[in-house]
Structures are given as C-alpha cells and as structure tokens.
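The values are calculated or read from the model by the stated rules, or taken from the named source; none is laboratory data. From a predicted model like this one, the values you see are computed outputs, not experimental measurements. Here Cβ is always computed from backbone atoms with ideal geometry, including for glycine, and neighbour counts include all displayed protein chains. For accessibility, only protein heavy atoms count, side chains too; no ligands or nucleic acids. Shrake-Rupley method; radii C 1.70, N 1.55, O 1.52, S 1.80 Å.
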Amino acid sequence: MTEHQTRSGTETGLVTAAHGRHYVVELAHGDLLHCYPRGKRNSYACGDMVDVERSGDRQGTIKNAHSRTSLLYRSDRYRQKIIAANITQAVVVVAAKPAFNEDLLQRCLIACEQQHIKALIVLNKTDLVEETAKTAIQLTLYRELGYPVVPLAAHNDISPLKSALRGQRNVLVGQSGMGKSTIVNGLLPDVRARTAEISEALDSGKHTTTTAQLYQLDAETSIIDSPGLQTFGLLHLSQTDLVNCFPEFKPFLGHCRFDDCRHNVEPGCAVISAVKEQRVDERRWSAYRELVAELDAKPRRWA
Ligand SMILES: Nc1nc2c(ncn2[C@@H]2O[C@H](COP(=O)(O)OP(=O)(O)OP(=O)(O)O)[C@@H](O)[C@H]2O)c(=O)[nH]1
Ligand SMILES: [Mg+2]
Ligand SMILES: [Zn+2]
C-alpha cells in the first residue's frame, strides 16, 4: 500500500478544478477523477488535498479534505464561498478598462491579510497607455502599503510576472474581464486546449471563466485561475480581524482614549487622528468603516 492509498478504496489527490459541486481530483499517478462531495454541506476548492473513494472508472466521491494551511473565501449573509485552498499568494488582477472596482480590490487584500496570504497586485493592460495612467496613480496607495504592484500587458509579454510567482501556490482573483485567464495562457501557451477540455468535461460552455482551475507551472509553482468576482463579502471576519487586516493602522492601535475603541466614531481615537493628519489614507478608513457597518448589520445565516 502506498502513502496515497491509505485505506482500501481511499486515495488521496489534489483538487485541480472546481465548478459548483463538481470537482476534478488529480491522483498521485496523474489520473483525473470527476468527483462530487459526500454530504450536502461539504465544499472544497482548487488546492485542497482530499481523500476520495472511487465510484466508477473515472469517478469518485470526496470524503474529506486534509487540514488547510490557508483558505481564501468570501461570505455574505447567506453563504460562504471558497475561492482556493492552501495558497501562499493571491494575485489580484486589475485594469483600467473595464474600470476596476477599488472596493473589491480592498476586500481581496483584507481577505488575504486575514489568512496570512501574500498579496500581489497586477495592473494589466498597460498597453492601453492613456487609460492606465490614472489607474497607476490610484494604485500608488497600495504600493506604499507594501503590496507589490506589477504593471503588465499580458497580451504581449508575461515575463515581468514570472519571477514573482515562482515557488508559490498562486491564485488569480479579480473582476471579470481584467485578464486573469489571459495571464494563464501567457504562462502556459498550450493551456487553451487544456482549458477547453476541462470546461467541456464540466459542461461549461461560456467564454469567461466559470471553473476554477489549477495549473502546475513547475515542481514548486502553481497558479489557480478563478471566475471573475463581482462582490466580496467579508462577514466571516470579526471586528478584531478587521482591524488587524489594515497594516497601516498598527502604529496607532493601543493609543486610543478607550480600550475598546472601534476606530469608527469614537472621540480620542488615534486612528481617526491619523486619518485627519493624512497618515492613514481616507479611502482605507472609509473601507474599514463600511465593513464595520456590515458586521454590525443583520446576523449571518450560515453561522
Ligand atoms: N488590451 C489588452 N487587453 C487584454 C490584456 N489582457 C487581456 N485582455 C483582454 O481582456 C479581455 C478579458 O480577458 P480574460 O483573460 O478573459 O479576463 P478574465 O479576468 O479571465 O475574465 P473572467 O474569466 O470573466 O473573470 C479579453 O478580451 C482579453 O483579450 C492586455 O494586456 N491588454
Ligand atoms: Mg477568466
Ligand atoms: Zn480608535
């Protein structure tokens, strides 16, 4: 018995595609199994290591996932949605056209902070020179906060991104149309065929990505392409989580008048003073307050 066949009938594999409740699991010897999870409440994501039981020639049932080192997910009042598991770096792709949503970018960064996932911002479509100038300025704030910003024209040349991806399990996230799948195709020129194959197998006929898909770039590097996001709920964060997800707040924490200050409307708040002194950007504090308000609103139904 090998380490990948722990119990009779049970094999261990990596989730390499996820489309709703349909998963593709790659076993140690490279076989692909089309799987559904056991039980209605269980859900998995690309990057999960799972135990599966074969139920047919190329089919199986996912019994459980191994413990995760990280989990990128979003949650609104009604449900939680897993984006990717066991990732070390999120590549948030933005572009000037269609205009990117800064609120969504901030939410992606916050979700990463909470899971201790490194975040990298790609400013794609820099070949659209005129449109890009304003967006580049808009991103200065994030660069100053310590998030690397990589300008890219994925259509033309993917090489500026390659070294930043190396040695990481990456996930591409962002709005639809920013160029995530174009980046994958640039990294793996033969990937279109593979994408078509998997999409066909999963019965998805759309042009934009509807299936999260993991690609191995080399022995140490992989990248997950994920479907475009429109919203990014963060109701799984606690108030404390939220504060800690804003790295620039850190120097001011512990200096507020009240020990239980929420840095929202409280008098004598050191964070609010820092905003007034322009030591913390107003855009970030607004985002923070918006999220505090969301946490204060109606309770989560999935909790
Ligand atoms: N001008 C320009 N267009 C680009 C570039 N990269 C991608 N595009 C175009 O942007 C559009 C969207 O690209 P996709 O790669 O499908 O975007 P996506 O982020 O994967 O979108 P979803 O799968 O819907 O989330 C396509 O028409 C691409 O050809 C670029 O560097 N420059
Ligand atoms: Mg795509
Ligand atoms: Zn405060």
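Here are the numbers for the structure shown:
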quantity: Which numbered condition Gly20 misses (of (1) open to solvent by less than 90 Å² (accessible area, probe 1.4 Å); (2) in contact with a strand residue (DSSP E or B) (Cβ under 9 Å, 6 or more places away or on another chain); (3) under 24 Å from Gly233 (Cβ atoms)); calculated: (2)
quantity: Candidates Val92, Val50, Val24, Val15, filtered to the one that is in contact with a His (Cβ under 9 Å, 6 or more places away or on another chain) and touching a residue at least 60 places away in the same chain (Cβ under 8 Å); calculated: Val24
quantity: Verdict on Asp281 being away from ligand 1 (no atom under 16 Å from the Cβ) and closer than 23 Å to Tyr142 by Cα; calculated: yes
quantity: Number of positions in the range 27-65 that are under 20 Å from Ala85 (Cα atoms), among the polar types (S, T, N, Q) and more than 22 Å from the chain's Cα centre (by Cα); calculated: 1
quantity: Any hit, the range 65-74, residues being part of a strand (DSSP E or B), open to solvent by 10 Å² or more (accessible area, probe 1.4 Å) and in contact (Cβ under 8 Å) with a residue 60 or more places away in the chain; calculated: yes
quantity: Counted residues, the range 37-61 - those being aliphatic (A, V, I, L, M) and touching a Phe, Trp or Tyr at 6+ places or on another chain (Cβ under 7 Å); calculated: 1
quantity: Whichever residue in the range 235-293 is on the phi > 0 side of the Ramachandran plot and free of Cβ contacts under 8 Å to residues at least 24 places away in the same chain and, among such residues, is farthest from the chain's Cα centre (by Cα); calculated: Gly268
quantity: Wholly within the range 226-303, helices (runs of 4 or more DSSP H) carrying at least 3 residues that are away from ligand 3 (no atom under 11 Å from the Cβ); calculated: 239-244, 282-296
quantity: Failed criterion for Ile62 (all others in (1) buried (at least 21 other Cβ atoms within 10 Å of the Cβ); (2) not in a strand (DSSP E or B) hold); calculated: (2)
quantity: Scope the range 91-120; condition within 14 Å of ligand 1 (Cβ to nearest atom), of a type in the set (A, V, I, L, M) and surrounded by 15 or more Cβ atoms within 10 Å (Cβ to Cβ); matching residues; calculated: Val91, Val92, Val93, Val94, Ala95, Ala96, Leu104, Leu105
quantity: Residue, most open to solvent (accessible area, probe 1.4 Å), within the range 27-47, restricted to residues that are closer than 21 Å to Leu72 by Cα and free of Cβ contacts under 8 Å to residues at least 24 places away in the same chain; calculated: Arg41
quantity: Odd one out for Glu220, checked against (1) over 24 Å from Phe100 (Cβ atoms); (2) within 14 Å of ligand 3 (Cβ to nearest atom); (3) at pLDDT 95 or above; calculated: (2)
quantity: Index of the failed condition, Pro247 passing every other in (1) within 16 Å of ligand 2 (Cβ to nearest atom); (2) open to solvent by 20 Å² or more (accessible area, probe 1.4 Å); calculated: (1)
